[in-house]
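Before any comments, here is the structure.
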Amino acid sequence: MVSYEQRESAFLWILDQLQSGEVAVPLVARDFSAEDWAFVFEGIPSDLRMDLWDTLADERKAPILAAMRDDSRNQLLGRLPTEDIELLANTSSTEDLVEIIDVLPRKLAAGLIKKLSPQGRDVIGAALTYDEDQLGRYVNYDVYTVDRSDTIGDILDDLRAQELPDYTDSFLVVDESQHYLGQVDINQLLSADEDAKVIEIAEYVEQVLNADMDLLDASDAVKGSGRSMLPVINKDGRLLGRFSIKDALDVFQEYYDAQVSHMGKVSDEDLFAPVFTSARRRAVWLGINLLTAFAASAVIGVFDQVVAQVVALAVLMPIVASMGGITGSQTLTLTIRGLATGQLAQSNLRALGNKEVLVAFFNGVLWAIVVSVIASIWFDNPLLSIIIAFALVINMLVAAFAGIGIPVLLDRMGIDPALAGSVILTTVTDVVGFFVFLGAAALFLV
């Protein structure tokens with residue numbers, strides 16, 4: 001097990017070597033997991049990755065690719081010749097191969113599947129029938145099963161001759177058609193009569209995962225089960241494999257990484273993706289942001305005569321917009337976190353809304369007093385200070401409402417709130433802030 005500090009130190013050393021024209025890895029890299037290597041490759045400029053890739057043993061490559069982010073995996077696969085990809089497919093586990101095939105061109109993926117063994121084709125074909133967010137796509141087929149007719153003695157003899165898969169705390173019992181019948185804990189097996197049949201001591205545990213259930217729900221089920229893994233069955237009750245606590249933790253890690261990366265509106269983009277690829281992806285959101293900026297500018301344009309007569313308004317306008325934007329962003333972040341973790345639902349949405357509005361009100365009053373005092377001293381205009389204080393409180397209250405309402409609405413529409421929420425929120429706080437501030441100034445100052 002490599003610590004975070006060891007991994008980061010090794011990564012920096014490898015990067016320095018590659019940039020100086022050398023290809024070498026430190027001794028600690030021998031203990032790297034696939035996730036550690038994925039971290040390294042994602043931090044290396046794309047033109048240097050192949051130099052390091054060629055030094056790895058073939059059996060290590062597929063797990064590393066499977067552990068990488070989608071965009072980084074695409075970039076690396078795009079540099080590999082077809083024969084190397086075919087070699088990867090032949091040395092991959094089923095779970096890794098599903099991840100790799102998912103991002104390959106359809107024609108190439110179909111060709112790879114045809115070259116697999118009949119059993120491999122059946123397994124991959126079954127996995128690909130499930131959606132990307134369903135458990136059946138990511139079942140771990142490395143599971144130890146026993147037939148219902150086996151005796152305890154036969155199983156114990158078999159165990160002495162082979163190594164159990166990791167995260168195995170029980171054996172799964174099946175019939176001749178691979179229907180799941182129950183499971184036997186290891187301790188229970190060791191204390192049983194060796195002449196007894198395993199079906200006699202097997203227990204049908206209710207904690208069984210269905211292959212078509214949501215991947216995050218399955219991960220929650222494993223986490224809360226207190227077991228190292230749970231069996232996965234299809235609609236007919238046939239055992240497909242298992243889902244371990246490690247699999248669940250990997251899902252959580254990937255999910256929360258995606259949430260964090262979406263906050264920056266760059267999704268899972270490779271750090272060293274081609275310039276034009278990154279520019280094209282970000283141009284869409286910059287264009288949307290530009291439209292929202294024009295909307296805010298249009299509001300200012302309505303009151304251009306007011307701004308021209310009272311120059312102080314132009315100086316103070318950014319304060320109103322900025323305070324509203326920060327207030328909304330704080331609430332938006334909290335709401336998105338609640339949606340992502342499942343802690344926010346219809347039943348507690350009102351309670352969160354009441355709390356956030358009160359927080360915005362008290363902060364709004366506090367900072368409105370501070371700003372109004374500064375504005376009154378700065379411009380020697382008490383009425384202007386009252387107007388900006390009023391605009392601040394109103395805009396911060398609206399920002400709190402928007403910070404909750406926007407992500408909830410986007411989530412119900414199937415749009416990632418972390419990706420689009422901040423753009424819409426900025427528009428709301430800018431438009432409302434400018435309209436209230438300049439509108440009040442038009443009524444009372446001019």
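The values are calculated or read from the model by the stated rules, or taken from the named source; none is laboratory data. Please read all numbers here as calculations on a predicted model, not as lab measurements. Note: ideal-geometry Cβ built from the backbone for every residue, glycine included; neighbour counts use all protein chains shown.
When restricted to residues that are exposed (fewer than 14 other Cβ atoms within 10 Å of the Cβ) and of a type in the set (Gly, Ala, Ser), the stretch 20-75 contains 4. In summary, Leu181 fulfils each of the numbered conditions (1) over 17 Å from Val123 (Cβ atoms); (2) in a strand (DSSP E or B); (3) touching a residue at least 40 places away in the same chain (Cβ under 8 Å) with the single exception of condition (3). The set of residues from the stretch 208-222 being hydrophobic (A, V, I, L, M, F, W, C) and in a loop (DSSP other than H, G, I, E, B) comprises Val208, Ala211, Met213.
In the set Asn381, Asn363, Asn395, only one residue is more than 30 Å from Leu216 (Cα to Cα), out of contact with any Gly (no Cβ under 6 Å at 6 or more places or on another chain) and modelled with pLDDT of 90 or more; that residue is Asn363. When Ile300, Ile319 are screened for being buried (at least 18 other Cβ atoms within 10 Å of the Cβ), farther than 21 Å from Ile404 by Cβ and at pLDDT below 85, only Ile300 passes. Here the stretch 203-221 is the region considered, the condition is being aliphatic (A, V, I, L, M) and closer than 16 Å to Asp236 by Cα, and the residue that is farthest from the chain's Cα centre (by Cα) is Val208. Scanning the stretch 141-150 for residues that are more than 13 Å from Gly241 (Cβ to Cβ) and either touching a residue at least 60 places away in the same chain (Cβ under 8 Å) or of a type in the set (Lys, Arg) (or both) yields a single hit, Arg148. None of Val408, Val431 is assigned by TED's automatic domain parsing to the domain that holds Val311 and within 21 Å of Phe303 (Cβ to Cβ) except Val431.
Exactly one residue among Leu443, Leu383, Leu409 is more than 38 Å from the chain's Cα centre (by Cα), surrounded by fewer than 22 Cβ atoms within 10 Å (Cβ to Cβ) and more than 18 Å from Ile319 (Cβ to Cβ), and that residue is Leu443.
Only helices (runs of 4 or more DSSP H) whose full extent lies in the stretch 1-81 are considered here, and the ones with at least 1 residues that are within 21 Å of Leu249 (Cα to Cα) are 4-19, 34-42, 58-67, 70-77.
Within the set Phe243, Phe276, the sole residue that is part of a helix (DSSP H, G or I) and modelled with pLDDT of 75 or more turns out to be Phe276. Checking each residue in the stretch 173-226 for being under 29 Å from Phe252 (Cβ atoms) and small (Gly, Ala, Ser) picks out Gly182, Ala211, Ala218, Ser219, Ala221, Gly224, Ser225, Gly226. Among the residues of the stretch 366-375, is any at pLDDT 90 or above, hydroxyl-bearing (Ser, Thr, Tyr) and over 33 Å from the mean Cα position of the chain (by Cα)? Yes - at least one qualifying residue is present in the stretch 366-375. Candidates in the stretch 1-19 are the residues that are touching a residue at least 24 places away in the same chain (Cβ under 8 Å) and exposed (fewer than 14 other Cβ atoms within 10 Å of the Cβ); of these, the one that is farthest from Phe41 (Cα to Cα) is Met1. Filtered by the rule that a residue be part of a loop (DSSP other than H, G, I, E, B) and either free of Cβ contacts under 8 Å to residues at least 24 places away in the same chain or among the polar types (S, T, N, Q) (or both), the stretch 92-140 gives Ser92, Ser93, Pro105, Ser117, Thr129, Asp131. Just one residue in the set Leu271, Leu332 is within 20 Å of the chain's Cα centre (by Cα) and at pLDDT 75 or above; that residue is Leu332. Within the stretch 246-268, the set of residues being at pLDDT 75 or above and either small (Gly, Ala, Ser) or in contact with a strand residue (DSSP E or B) (Cβ under 8 Å, 6 or more places away or on another chain) (or both) comprises Asp247, Ala248. Among the residues of the stretch 66-80, is any within 25 Å of Leu172 (Cβ to Cβ) and among the hydroxyl-bearing types (Ser, Thr, Tyr)? There is no residue in the stretch 66-80 that is within 25 Å of Leu172 (Cβ to Cβ) and among the hydroxyl-bearing types (Ser, Thr, Tyr).
To keep it simple, each residue is scored yes or no on (1) outside the structural domain of Lys246 (by TED's automatic domain parsing); (2) within 27 Å of Asn74 (Cβ to Cβ); (3) surrounded by fewer than 16 Cβ atoms within 10 Å (Cβ to Cβ).
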{"residue": "Leu116", "(1), (2), (3)": "yes, yes, no"}
{"residue": "Gly125", "(1), (2), (3)": "yes, yes, yes"}
{"residue": "Tyr138", "(1), (2), (3)": "yes, yes, no"}
{"residue": "Gly153", "(1), (2), (3)": "no, no, yes"}
{"residue": "Glu163", "(1), (2), (3)": "no, no, yes"}
{"residue": "Asp169", "(1), (2), (3)": "no, no, yes"}
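To keep it simple, each residue is scored yes or no on (1) modelled with pLDDT of 85 or more; (2) among the small types (Gly, Ala, Ser); (3) in contact with a Phe, Trp or Tyr (Cβ under 6 Å, 6 or more places away or on another chain).
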{"position": "Gln134", "(1), (2), (3)": "yes, no, no"}
{"position": "Asp142", "(1), (2), (3)": "no, no, no"}
{"position": "Arg160", "(1), (2), (3)": "no, no, no"}
{"position": "Asn210", "(1), (2), (3)": "yes, no, no"}
{"position": "Ala218", "(1), (2), (3)": "yes, yes, yes"}
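Give me the residue from the stretch 418-437 that is in contact with a Phe, Trp or Tyr (Cβ under 9 Å, 6 or more places away or on another chain), surrounded by fewer than 24 Cβ atoms within 10 Å (Cβ to Cβ) and over 17 Å from Ile404 (Cβ atoms) and, out of that set, modelled with the lowest pLDDT. Among those residues, the one meeting the criterion is Leu419.
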